[in-house]
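Trainee: Below is one structure. I have some questions about it.
Nothing in this text is a laboratory measurement; each read-out follows from the coordinates by a stated rule. Please read all numbers here as calculations on a predicted model, not as lab measurements. Cβ sites come from the backbone with ideal geometry, for glycine too, and all protein chains shown count toward neighbours.
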Amino acid sequence: MQPLPYAPIAATGSCAGFAGIEKRLARPDPTVVGYIVALVGAYHTSVDTPRNLRRAASRFLELGRPEVAAYLEERAREETGHDRLALKDLRALGVPGERLVANFIPEGIRPLCKRFDDLCVEDYPIGCIGYSYCLERIAALKEKGDIERVQAMCPDGVDATRFLRSHSSLGSEASHVEETIVFVASLPANDRIRVVQETYESALILAEGYNHELLKSEAEMLEEMQQAIGEVLPYRRGSGLSHAEQRGAQPAT
Ligand SMILES: [Fe+2]
Ligand SMILES: [Fe+2]
């Protein structure tokens with residue numbers, strides 16, 4: 001993947017957060033069960049995004065900052081429906097997606113969702129741009145090979161990588177990152193500083209959350225989900241899908 005031109009933001013310090021994530025992330029062998037947890041996390045980090053961004057946009061209109069409001073409205077439009085991509089992927093894997101997301105939110109994802117909710121209702125909610133940039137920048141690091149590894153883990157004919165493709169260097173994330181960089185570069189210095197600070201803070205929360213989930217065993221993850229929905233999922237421990245060979249995956253979020 002070509003490096004993205006994120007210098008205007010990274011140069012002011014946010015790259016430290018990403019570097020921290022890279023060093024601190026657990027790297028267990030990927031499994032289908034881990035991928036399902038990641039898809040549930042992807043759903044939860046996507047489902048409220050349009051509403052939250054529109055709430056922040058309204059506040060910027062009140063503050064007399066229509067250019068920030070317009071940027072956030074556009075982002076809200078672009079992010080609409082992404083939660084449904086994760087649901088479709090879960091269904092494609094034979095998982096009762098709606099029931100699972102309604103009853104289960106991975107513990108490591110909870111603080112991330114709360115951070116975004118909180119940022120979007122602040123009196124001056126510019127930090128929500130830093131949060132969004134952080135998640136999109138991390139997603140844009142995923143390459144074709146990462147998606148192919150997940151695809152290889154799925155049964156033949158099953159397409160469970162809609163969310164992952166869309167949130168990778170192959171999908172819209174790369175352009176979202178570039179658009180955000182251009183927009184943030186046009187903001188006054190205080191806003192740029194706040195965006196960078198929040199990008200860094202969000203990166204730390206993301207790293208903590210991923211580690212919390214990634215360090216769980218496959219059995220623990222499966223047990224948590226089954227407890228939440230009161231149903232046995234169609235997976236054999238250690239072998240992924242009951243009718244598929246396990247060959248490797250990446251987190252979807
Ligand atoms: Fe998205
Ligand atoms: Fe995006």
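Trainee: May I ask you to work out the translational diffusion coefficient for segment 85-141 at 37 °C, viscosity 0.692 mPa s, via Stokes-Einstein with Rh from the Kirkwood sum over Cα pairs, reported in whole µm²/s?
Mentor: Taking Rh from Cα pairs, D becomes 247 µm²/s.
Trainee: Per the Kirkwood treatment, what hydrodynamic radius in Å, one decimal, follows for segment 44-162 from the mean inverse distance over all distinct Cα pairs?
Mentor: Taking every pair of different Cα atoms in segment 44-162, averaging 1/r and inverting gives 15.9 Å.
Trainee: Taking a label point 7 Å from the Cα of GLU122 along the Cα→Cβ vector, which residues of segment 29-66 have an amide N closer than 19 Å to it?
Mentor: Within reach of a label on GLU122, which here means backbone N under 19 Å from a point 7 Å along Cα→Cβ, segment 29-66 contributes 49-66.
Trainee: What does the highest-first list of 134-145, 221-232, 192-203, 115-126 look like by mean Cβ count within 10 Å?
Mentor: Going by the mean number of other Cβ atoms within 10 Å, highest first, we get 192-203, 134-145, 115-126, 221-232.
Trainee: A further question on this structure: Between ALA219 and LEU25, what is the label-point separation in nm under the 7 Å Cα-to-beta-carbon projection?
Mentor: 2.7 nm
Trainee: To continue, here is another question. Just grab the label-to-label distance for SER58 and ILE229, each label 7 Å out from Cα along the Cβ direction, in nm (one decimal).
Mentor: My value for the distance between the label points is 3.4 nm.
Trainee: For the pair GLU98 and ILE193, what calculated FRET efficiency results from E = 1/(1 + (r/R0)^6), where r is the Cβ-Cβ distance and R0 = 30 Å, to the nearest 0.05?
Mentor: Approximately 0.15, to the nearest 0.05.
Trainee: Please compute the modelled spin-label separation between GLU208 and GLU143, points set 7 Å along Cα→Cβ, answer in nm with one decimal.
Mentor: Modelled inter-label distance: 3.1 nm.
Trainee: Now a separate question. Using R₀ = 35 Å, calculate the FRET efficiency as 1/(1 + (r/R₀)^6) where r is the Cβ-Cβ separation of ARG110 and GLU74; round to 0.05.
Mentor: Between ARG110 and GLU74 the formula returns 0.80.
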